[in-house]
Amino acid sequence: MSKCSIAVDIGASSGRLIAGCLQDNNLKLKEIHRFDNNLIIKDGHYCWDVHALYNEIITGIRICRDRGLHPESIGIDTWAVDFVLLDEKNRLLTDAIAYRDARTDGMMEEVFHFISKERLYLETGIQFQKFNTIYQLYSLKKSNPEVLEQATSFLMLPDYFNYLLTGKKVNEYTNATSTQLVNAFTKKWDNDLLDLLGINKEMFLEIKPAGSILGDMETELSKELGIDMKVILPATHDTGSAVVAVPEVDDTVYISSGTWSLIGVENPFPICITKALDYNFTNEGGFSYQYRFLKNVMGLWMIQEVKRNYNDQYSFSELVELAAKASEFGAKINVDNDRFLKPENMIEEIQKVCRETNQEVPETPGEVAKCVFDSLGDSYQKAINQIEEIYEKEFNKINIIGGGSQNEMLNQLIADKTGKEVIAGPVEATAIGNLVSQLITLGKIKDIDEARNIIGQSFELKRYSATGREEESVT
């Protein structure tokens, strides 16, 4: 692998740079650099260390150079909703405050005094989560209105990293839609909503679709790194890139399984109907202006926190094994309760809820993990049932993508609960979707349909049914 493209995929707990190229019509991957992404506390808020993350991106590019790779392009994706603001001299006005910070508590309800919940949904099609960008901005308007007035550039985190690489500032479409400030039908910033909230609309930039070439790396940076490559906009929202990597979308519900679990289907138009509002489904933008009709439910964040609360004494695979041994334990919790977003101690919070609901309290690591996995399975099944009710049809397959697709216990549990065929993989779905988006833009892959065919034959998939598991290798 000499000529290649680089996917920079940064999630809420870790990041990675993965090189990819086409060889004999198969997509080949090579991990270049992996790093942690930890929240820091700054001025009393949970924040992302954007400077450290950018330095990790540069470190990864240097490693590419040192390994003799010749990347033609690079694309960056991260999680959604979080942002920074720049002033007229391109200086940071804000820290990158994290969506798990408490500053948005109560903000959603206050926004409803200005804009009805129904209007907000009918115009944007985005689900209601207290940490959506709209509520973060409203919180900032209340606490530091002068900062919003000084701001000349609103940049979501991939937009900011792209600006550091190229000096060019745009807002990429798929991530912009997660703000709950983009009109679902015009695909532009909804100025009427911004006016109603009294938020400075001049700081919002041109919205560019995924698959756009942003430009070349800045000359000085290119000379410093010894690499000259194009910066391409993949779906910069990580779920948007992950969904590109779903090998089959017909008759299939996908679950992008990581820190969060995103459960949905791909659709050519937004579904902004009352039932979708009642069930709190979202219509986020996707590659080629497809819509990701999905629900954001709690994911493996809970087991990540459980692992941390046990001082990393157990690996994830060991927690799965212990959960399997605790097969008689049956307590379940509502994993989508906001109290699990950022509790002081996840294990204690789970135990507290079990006491409050008069259930057996999990005491051992296996019982705690079993409680989490069983409860996640219930949440997944509920979301899938709601999708089928809205679509008035039954979907026969579930494709689990991302790191969580390696959890065989949870995969089998989902197959057993739903009675549907479960396909697990690819694991590095987000990076894969990022890469094939770049390859489409470079003209090396015709379109997303061809990309999905290539993905389906390039990576091993595992299949599960309610009667047992069957493995299938696709090479």
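Phi angles across the stretch 187-201 convert, under the Karplus curve 6.51 cos²θ - 1.76 cosθ + 1.60 with θ = phi - 60°, into 3J(HN,Hα) values of 6, 10, 4, 8, 5, 5, 5, 4, 5, 4, 8, x, 9, 4, 7 Hz, Gly and Pro given as x.
Exceedance of the 28 Å cut-off in Cα-Cα distance is limited, within the set Lys130/Lys462; Lys89/Lys230; Lys28/Lys420, to Lys130/Lys462; Lys28/Lys420.
Among the cysteines of the chain, those with no neighbouring cysteine Cβ under 4.7 Å are Cys47, Cys64, Cys272, Cys354, Cys371. Residue-wise HN-Hα couplings along the stretch 180-186, as the Karplus relation 6.51 cos²θ - 1.76 cosθ + 1.60 with θ = phi - 60° gives them from phi, are 6, 10, 9, 5, 5, 9, 7 Hz; Gly and Pro carry x. Sorting 305-314, 438-447 by their mean Cβ neighbour count within 10 Å, with the most densely packed peptide first, gives 438-447, 305-314. Taking the Kirkwood radius as the inverse of the mean 1/r across Cα pairs, report the Rg/Rh of the stretch 361-458. Over the Cα atoms of the stretch 361-458, Rg/Rh equals 1.09. Extension gain for Ile41 to Glu360 (0.36 nm times residue separation, less C-alpha to C-alpha distance): 111.3 nm. Diagonalising the gyration tensor over the Cα atoms of the stretch 3-232 and scaling each eigenvalue by 5 before taking the square root yields semi-axes of 33, 18, 17 Å, largest first.
Using a simple spin-label model with pseudo-atoms 7 Å out from Cα toward Cβ, Lys168 and Ser315 lie 4.3 nm apart. Given +1 at the Cβ of Lys and Arg, -1 at the Cβ of Asp and Glu and no other charges, the dipole of the stretch 3-232 around its Cα centre is 500 debye to the nearest 20. Modelled label positions at Gln150 and Ser116, each set 7 Å beyond Cα in the direction of Cβ, lie 3.9 nm from each other. With the highest mean first, a sort of the peptides 377-386, 165-174 on other beta-carbon atoms found within 10 angstrom per residue produces 165-174, 377-386.
Calculate the tail of P(r) for the chain: the fraction of all Cα-Cα distances greater than 27 Å, expressed in %. Value for the chain: 54 percent of Cα pairs lie more than 27 Å apart. Length gained on full extension, Asp49 to Lys393, computed as 0.36 nm times the residue gap minus the Cα-Cα distance: 119.4 nm. Scanning residues 5 or more positions from Asn37 or on other chains, those with amide H under 5 Å from its amide H are Ser14, Gly15, with H placed 1.01 Å from N in the peptide plane. Model label sites at Leu341 and Ser212, defined 7 Å from Cα along the beta-carbon direction, differ in position by 3.0 nm. The DSSP beta bridges internal to the chain are antiparallel in roughly 70% of cases. Note on the stretch 128-196: Cα Rg divided by 2.2 N^0.38 Å, N the number of residues, gives 1.16. Using r as the Cβ-Cβ distance of Asp87 and Arg67, and R0 as 30 Å, what FRET efficiency do you calculate, to the nearest 0.05? For Asp87 and Arg67, the calculated efficiency is 0.20.
Across q = 0.19 Å⁻¹, the stretch 216-352 modelled as identical point scatterers on its alpha-carbon atoms has Debye log10 I(q)/I(0) values of -1.10, in the order of the q list. Can you work out the PRE-style zone for Asp195? Point 7 Å along Cα to Cβ, and I want the residues of the stretch 100-115 with backbone N under 20 Å. Under cut-off, by backbone N: 111-115. Residues of the stretch 336-369 with an amide N closer than 20 Å to a point placed 7 Å from the Cα of Lys130 along the Cα-to-Cβ direction: 336-354, 356-357.
Just so you know, all these numbers are worked out from the coordinates, no wet-lab data involved. Keep in mind that this is a model prediction, so the values were computed, not measured. Heads up, the Cβs are rebuilt from the backbone with ideal geometry, glycines too, and the neighbour counts pull from every protein chain shown.
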